[in-house]
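The values are calculated or read from the model by the stated rules, or taken from the named source; none is laboratory data. Quick caveat, the model's predicted, so the values are computed rather than measured. Quick reminder, even Gly has a Cβ in these numbers, built from the backbone with ideal geometry, and neighbours come from all protein chains shown. For the accessible areas, the whole protein counts, side chains as well, though only heavy atoms, and no ligand, DNA or RNA atoms are used. Shrake-Rupley method; radii C 1.70, N 1.55, O 1.52, S 1.80 Å.
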Amino acid sequence: MLKMLWVALPLTGVMALAACGSDPAPAPEAEEKPIVMQAGQWELTRKTTGYNTPTVTPAQYQEALKQVSEDKVCISVDRDGLPTPDAIAGTEGSDCTYKDKLARKGRLIATLSCKAGKGTSEIAVEGNYTADTLTLGATMTKVEGGSPVLRTTHDLTGRRVGDCPAG
């Protein structure tokens, strides 16, 4: 019994010394303010990077890759500080809603569900945003009668240029 006490005593001393030299717990980090896009007049540039239909020809594909649209759009933001989905969809859908969305620290990953002509379109977007800029990649799949009829991909960039015109 005395031998066990002699073995345990130094171990207890080492543990006590180790506890004395430990650093205090770090202070909790201040929570970062969320990045919220500003509503207003935006210039959006949409460049086609992919175009596919069941019957696309190589010439049609190459012609589609030359498409670049530039629009000035009055964008409102939702309660989470993200642009209205129709602004992101552009001409590829209307009456859009966020099917799902994840926005954190200036990063947006979302899926939009929209009406599109005689069918619907689903637009997957991913990219970055600040209060007055955005850079997104978008993939749209248009479905009519239960079958996909068109898939496009775009690079979407934008910058806020001021307040929306009165009226």
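For residue 118, which lysines qualify as cross-link partners when the Cα separation must be under 28 Å and same-chain residues fewer than eight apart are set aside?
47, 66, 72, 99, 101, 142
Between residue 91 and residue 62, what length in nm is gained on full extension when 0.36 nm per residue of separation is reduced by their alpha carbon distance?
Gain in length upon complete extension: 8.4 nm.
Aspartates and glutamates within cross-link reach of residue 33: Cα-Cα under 16 Å, excluding same-chain residues under 8 positions apart?
Hits, sequence-local ones excluded: 80, 132.
May I ask you to give the percent of accessible area on segment 57-167 that is carbon plus sulfur, with a probe radius of 1.4 Å?
It is 50 percent, rounded to a whole number.
Can you check what the net charge comes to around residue 92, using other residues whose Cβ is under 15 Å from the Cβ of residue 92 (Lys, Arg +1; Asp, Glu -1)?
Here the count lands on +1.
Please turn the phi angles of segment 139-153 into ³J(HN,Hα) values with the Karplus equation 6.51 cos²θ - 1.76 cosθ + 1.60 (θ = phi - 60°), one per residue in order, whole Hz, x for glycine and proline.
With the stated coefficients, segment 139-153 comes to 10, 10, 10, 9, 10, 10, x, x, 10, x, 10, 7, 9, 10, 10 Hz.
Sticking with the crude label model, points 7 Å out along Cα→Cβ, report the distance from residue 159 to residue 69 in nm, one decimal please.
Those two pseudo-labels are separated by 2.2 nm.
Gain in length, residue 47 to residue 77, computed as 0.36 nm per residue apart minus the alpha-carbon separation, to one decimal in nm?
Between residue 47 and residue 77, full extension yields 8.5 nm more.
Two decimals, Cα atoms only, Kirkwood Rh: what is Rg/Rh over segment 22-167?
Result: Rg/Rh = 1.09.
For segment 89-167, state the semi-axes of the equivalent ellipsoid (square roots of 5 times the eigenvalues of the alpha-carbon gyration tensor), sorted largest first and rounded to whole angstrom.
25, 16, 11
Go through segment 103-113 residue by residue and turn each phi into a ³J(HN,Hα) via Karplus (6.51, -1.76, 1.60, θ = phi - 60°); whole Hz please, and just put x for glycine and proline.
10, 7, 6, x, 10, 10, 10, 8, 10, 9, 10
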